[in-house]
1. Please pick out the residue among Thr63, Thr55 that is without any contact (Cβ under 8 Å) to a residue 40 or more places away in the chain and surrounded by fewer than 10 Cβ atoms within 10 Å (Cβ to Cβ).
2. Please go through the stretch 57-82 and give me each residue that is of a type outside the set (A, V, I, L, M, F, W, C) and not in a helix (DSSP H, G or I), ordered by number.
3. Given the residues Arg68, Arg41, Arg49, which is the only one that is under 30 Å from the mean Cα position of the chain (by Cα) and at pLDDT 95 or above?
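The values are calculated or read from the model by the stated rules, or taken from the named source; none is laboratory data. All values derive from a computational prediction rather than experimental measurement. Cβ placement follows ideal geometry from the backbone for every residue including glycine, while neighbour counts extend to all protein chains displayed.
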Amino acid sequence: MNTNNRYHEPTASADDSEGEGEMGEIINLNRYRKLRDQARRDQEAASNRAKFGRTKTDAQAETKTRERARRDLDSKKIDEPA
């Protein structure tokens, strides 16, 4: 068997009379790499959502607080005469 074939590795079998093993499964390495990288990105995204994510209620509360602070500051502003 040709051992230089990069798609499979020869396997020895006790019942193989010719000395040739079975072929391994052919895989697309680019697809494997893409799936592996996508899984890593998904895992990182999930941890970032847990670490930095805010609930909708938290975001609305912060928006209300900022708007209230802006209105308070604007109400204390002194108008300059023209």
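1. Thr55
2. Lys76, Lys77, Asp79, Glu80, Pro81 - these are the residues of the stretch 57-82 that are of a type outside the set (A, V, I, L, M, F, W, C) and not in a helix (DSSP H, G or I).
3. Arg41
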